[in-house]
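A.B. asks: Take a look at this one; I'll ask things after.
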Amino acid sequence: MNYARRPGIDGEALSRLVARERERFLATHAESARLGVRSAAHWLNGVPMHWMRDWNTPHPLFVREARGVELTDVDGNRYIDFCFGDTGAMFGHSPPPIARALAEAGANGITCMLPAERSARVGEKLAEKFGLPFWQMTQTATDANRNVLRWARAITGRPRTLVFDGCYHGTVEETLVRALPAHDRAGTRARAGLIGMNHDVSATTDAVPFNDIAAVEKVLARGRTAAVIAEPVMTNIGMVLPQEGFMRALREVTRKYSVLLVIDETHTLSSALGGYSTAQKLEPDIWVCGKAIAGGMPCAVFGFTRDVEAGMRRVQADRAGGHSGMGTTLSANALALACLEASLDELMTAANYQAMHDTAAYLSEGLGRLFARQSLAWHVARVGARLEFGFGRPPRDGAESEREAWPELEHAIHLFLLNRGVLLTPFHNMMLCSPMTTTAHADTLLAHLQECLREIGSAA
Ligand SMILES: Cc1ncc(COP(=O)(O)O)c(C=O)c1O
């Protein structure tokens, strides 16, 4: 492959590195290769879920076990994990409180279509930890967001959703969009590459740039928007931090036009005990979180205000009956509820957050120093335990972040690190620090990244 030259990086050196690292991967992952061939007979793309091929390794990497910070593959290679299943395992792999909850609750009925005894208690704990009085549970954050947007339309009687360009809120059709350039009056289009999509997003969704409150107000003033759904820090198109006052202005403008503000903290749960919204007093109408909320067990929750609850009751009272169109049979099963309680009690603690944040701050500073030493004008963004580095200055919105992305370089760095026992998330440059991640783990990452940059850096 030919790598274009960019400031600070030697394209030819990068090409050589990728070729060598692919050979090295093949030489050290023979059992994974064998399982890859065998699996291809019965799994699409040789994996149980097609995106497991997003790692850009020559063949799939099969995991034998993962515990705490460490992951071991079927060839016996060990890795320090900074990906943590892209957040599901943010509190470490198989944390003992979750393993205990699984064993205990798993022996006493997994799914009954009835509320488990601990439901009342867990509701109280959610309200206490996240400051919202009412809650619902689903299996995934995608499900939660899908339900939330339906409720928002039903409560407000308006049809449209506003999202930020470059967002990801799961596979909810109306959020799988991009904004067209400002001069294009069509405004919003479906994301490129969607398979089997027949949803007309122009009829349901407006996408505007993050950090642009005037663009938000212009859409809300039309009076057609039920909800704004947003991450408080964009984390799915690199990391885009909110500018000073932006989230507060978003709260004000949504109140001004009686639009529900939905904050999706599936990734920013990393920010603080109680999430970013609690720490920054964002006062969402609806708060969503999945992935790590129950320590990695499939589970998501959404919390809402008394006003939203009153709206839901009104909608329920006014409807003729029949299927609500929201559900999924396994939502709120007893096993997920038990893990959620264990997570609230024993994972989401002040001590765990302190440990995660200390290590993430250490790693962030180390990365900054490393890029300066290599004369690379790259940046590091952090939201609590979650970090990203990007190949340019900090972006203002999704489009800017996308413009500076360089997938080939990301893949090369990821493969180099993987071959040396360090796992980063396969897309962009995301790293998470769990409570068990130490500064020694961070130093290992930094040392190997330095080795990689020395090899490919044109200034080195
Ligand atoms: C902010 C955000 N919301 C929702 C989701 C969807 O989560 P899930 O795939 O668990 O449904 C994601 C997934 O990456 C996410 O980043």
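A.B. asks: Here are some conditions: (1) within 23 Å of F91 (Cα to Cα); (2) within 16 Å of the ligand (Cβ to nearest atom); (3) among the hydroxyl-bearing types (S, T, Y). T205 meets all but one. Which one does it not meet?
C.D. replies: (1)
A.B. asks: Scan the range 116-123 and tell me whether some residue there is at pLDDT 95 or above, surrounded by 21 or more Cβ atoms within 10 Å (Cβ to Cβ) and within 16 Å of the ligand (Cβ to nearest atom).
C.D. replies: no
A.B. asks: Filter the range 268-282 down to residues that are of a type outside the set (A, V, I, L, M, F, W, C) and farther than 15 Å from A360 by Cα and give me whichever is farthest from the ligand (Cβ to nearest atom).
C.D. replies: My answer is K281.
A.B. asks: Scan the range 224-236 for residues that are within 13 Å of the ligand (Cβ to nearest atom) and within 14 Å of R251 (Cβ to Cβ) and report the count.
C.D. replies: The qualifying residues number 3.
A.B. asks: Sticking with this one: Condition first: more than 20 Å from T268 (Cβ to Cβ) and in contact with a helix residue (DSSP H, G or I) (Cβ under 7 Å, 6 or more places away or on another chain). Now tell me which residues in the range 164-175 satisfy that.
C.D. replies: The one that is more than 20 Å from T268 (Cβ to Cβ) and in contact with a helix residue (DSSP H, G or I) (Cβ under 7 Å, 6 or more places away or on another chain): E174.
A.B. asks: Out of all the residues in the range 237-267, which are within 15 Å of the ligand (Cβ to nearest atom) and β-branched (V, I, T)?
C.D. replies: I237, V240, V262, I263, T266
A.B. asks: Please specify each residue of the range 199-225 satisfying the condition of being outside any loop (DSSP other than H, G, I, E, B) and of a type in the set (G, A, S).
C.D. replies: Hits for the range 199-225 are S202, A203, A207, A214, A215.
A.B. asks: Here are some residues: F427, F416. Which one is in a helix (DSSP H, G or I) and aromatic (F, W, Y)?
C.D. replies: So the residue among F427, F416 that is in a helix (DSSP H, G or I) and aromatic (F, W, Y) is F416.
A.B. asks: Another question, if that's okay. I'd like to check something: does the range 50-57 contain any residue that is out of contact with any helix residue (DSSP H, G or I) (no Cβ under 9 Å at 6 or more places or on another chain) and modelled with pLDDT of 95 or more?
C.D. replies: No, because not a single residue in the range 50-57 is out of contact with any helix residue (DSSP H, G or I) (no Cβ under 9 Å at 6 or more places or on another chain) and modelled with pLDDT of 95 or more.
A.B. asks: Let me ask something else. Any residue in the range 349-360 that's over 10 Å from A385 (Cα atoms): show its pairings with residues that are surrounded by fewer than 20 Cβ atoms within 10 Å (Cβ to Cβ) at Cβ separation under 8 Å, as long as the two are six or more apart or on different chains.
C.D. replies: Listed pairs, sorted by first residue: T349/L273; A350/L273.
A.B. asks: Mind listing whichever residues of the range 238-276 are more than 22 Å from P394 (Cα to Cα), part of a helix (DSSP H, G or I) and not aliphatic (A, V, I, L, M)?
C.D. replies: The answer is R251, E252, T254, R255, K256, G275.
The values are calculated or read from the model by the stated rules, or taken from the named source; none is laboratory data. Keep in mind that this is a model prediction, so the values were computed, not measured. For neighbour counting, all protein chains shown are included, and Cβ atoms are generated from backbone atoms with ideal geometry for every residue, glycine included.
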